[in-house]
Amino acid sequence: MKKIKDLIASIQRIDQSWIGKAQARQNRLTKPPGSLGVLEEIACRIAGIQQTLSPSVDHKRVVVFAADHGITEEGVSPYPDEVTAQMVANFLRGGAAINAFAKTGGAEVIVVDIGVKSPIPVVEKIDLSIRFSQKAVRRGTRNFVKGPALTEEEVVQAISAGVEVAEEAKAAGVNLIALGEMGIGSTTTAAAIAAALTGQSGASVTGRGTGVDDSTLTRKRAVVDQALRIHQPNPTDALSVLQAFGGLEIAGLVGVCLGAAAARIPIVIDGFITAAAAALAARMSPTVVDYMFAGHLSVEPGHSVLLHMLDLQPMLDFRMRLGEGTGAALATNIIDAAVRSFVEMATFESAGVSEKQELASGVVT
């Protein structure tokens, strides 16, 4: 835990002077000031994070953490636990949506088994663009209506595994990390976390996840409310929330957020589950939000609640709820475009283009 505390202490706020320098350059580019709207804000923040007026996000990486959840014993998902392992195999073959989306922006995909319950099927031919990392803490979390999902030691181990992934990315020269996840039962866990952090009811933050029917949704919401009554976690203590509800992939992504921020690597949040991880990381270090971008808004009701808590505006709203990092991967293309326009666009001076002239005051026509 000392290593994590030291890492948190090393995370620095973005130097606003770099934002000012970047904004000054934006105002000299061959366009009306502010005409690229939020894209200008994105580029300026990337410049501030990287502390340069020549920022780059050309080395993108999607990190997909996979784990199972003991809460599935309560019938909160129509899919069996085995699907998590089967989907990991699908990632490795290159057959999932995240594989296709990552390729559109030239992003690497790293799949991390941090707690998959079932054996992962043998993949005879792994997609060469995929890397697989095994950092399993345990094979799925415990059922959190029967007791804590994780021990303190397991939480720390999972967060540390995520920090390692961020450190590996830094060593490889990665300059933009998109968060992804896979795990049956994960939306129930994320809902419990969202309710614990915000004080809202299970009903207000719990959605259909993988597409459950009305009766299963009712059961899912009741399970979340029951778990909140049982554990009553301290909303200011991220570790206690993770111990109560899990999951291992969420704890791992908390570590990625902390490690990436310490390394000055911008982070792109995906959907509800990754937002839960981002919110927990922010409880451990509010400064980490400086390094976060919200890739999209999913249809899960708890997602908007968490983004509001983080004060982040989503870039896209395509009514997606797949996970895997798909929304974040799409958003990396927008961030890349914003940065490239900032770096590659000519200034008025270099292009020989005349700037807007102020109207002379007092001139009679």
GNM top mover of Pro235, Pro55, Pro33 - the chain, alpha-carbon springs below 10 Å: Pro33
Full-extension gain in nm, Ser10 to Asn27, via 0.36 nm per residue minus C-alpha separation: 2.9 nm
Under DSSP loop assignment and at most 14 Cβ neighbours within 10 Å, longest GluC sites (Glu not before Pro)-free interval of the chain: 125-354
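Within the chain, which is the longest segment that contains none of the trypsin sites (Lys or Arg not before Pro) sitting in a DSSP loop with at most 13 other Cβ atoms within 10 Å? Kindly include the intermediate steps, with their values, before the conclusion.
Details: sites that count: Arg13, Lys125, Lys146, Arg319, Lys356.
The segment 147-318 is the longest one with no such site.
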Size of charge dipole - the stretch 57-334 - debye, nearest 20, with Cβ of Lys, Arg +1 and Asp, Glu -1, no other charges: 160 debye
Gain on full stretching of the segment that runs from Ile19 to Phe348 - 0.36 nm per residue minus C-alpha separation: 116.4 nm
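Looking only at the chain, where both bridge partners belong to it, what percent of the DSSP beta bridges are antiparallel (to the nearest 5)?
Values: 1 of 26 bridges.
Counting DSSP beta bridges with both partners in the chain, the antiparallel share is about 5 percent.
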Per-pair calculated FRET efficiency, R0 = 45 Å: Lys2 and Lys125 via Cβ, rounded to 0.05: 0.55
Listed residues His303, His59, Met315: farthest to the positive end of the dipole of the chain (Cβ charges): His59
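For the stretch 56-180, just say rounded, prolate or oblate: build the C-alpha gyration tensor, square-root its eigenvalues into a ≥ b ≥ c, call rounded for a/c under 1.5, and beyond that prolate if a/b exceeds b/c, oblate if not. Provide the component values of the computation, followed by the final result.
Numbers: a/c = 2.25, a/b = 1.43, b/c = 1.58.
Taking the square roots of the gyration eigenvalues as a ≥ b ≥ c, the stretch 56-180 is oblate.
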Structure-based [θ]222 nm, the chain - -39500 (n - 2.57) summed over DSSP H runs of at least 4, per residue, nearest 500: -15000 deg cm²/dmol
Neighbourhood net charge (12 Å Cβ-Cβ; Lys/Arg +1, Asp/Glu -1) for Lys146: -1
Dipole of the chain [Lys/Arg +1, Asp/Glu -1 at C-beta], most positive-end residue of Ala47, Gly246, Ala328: Ala47
Euclidean distance of C-alpha centroids, the stretch 35-108 and the stretch 177-247, integer Å: 21 Å
Anchor Lys170: aspartates and glutamates whose Cα lies under 16 Å away (excluding residues fewer than 8 positions away in-chain): Asp58, Glu108
Distance violations [Cα-Cα > 24 Å] among Lys117/Lys220; Lys3/Lys117; Lys5/Lys135: Lys3/Lys117
Label-point separation in nm, Val299 to Thr236, each point 7 Å along Cα→Cβ: 3.9 nm
Dipole magnitude of the stretch 272-360 about its Cα centre (Cβ charges: Lys, Arg +1; Asp, Glu -1), debye to nearest 20: 340 debye
Nearby aspartates and glutamates by direct alpha-carbon distance to Lys21 (threshold 15 angstrom, same-chain neighbours under 8 apart not counted): Glu40, Glu41
Overall form of the stretch 57-334 per C-alpha gyration tensor (a/c, 1.5; a/b vs b/c): rounded
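FYI, it's all coordinate maths here, none of it is from the lab. Note that the structure is a prediction, hence the values are computed from the model and not measured. Every residue, glycine as well, gets a Cβ built from its backbone with ideal geometry; the counts of neighbours run over all protein chains shown.
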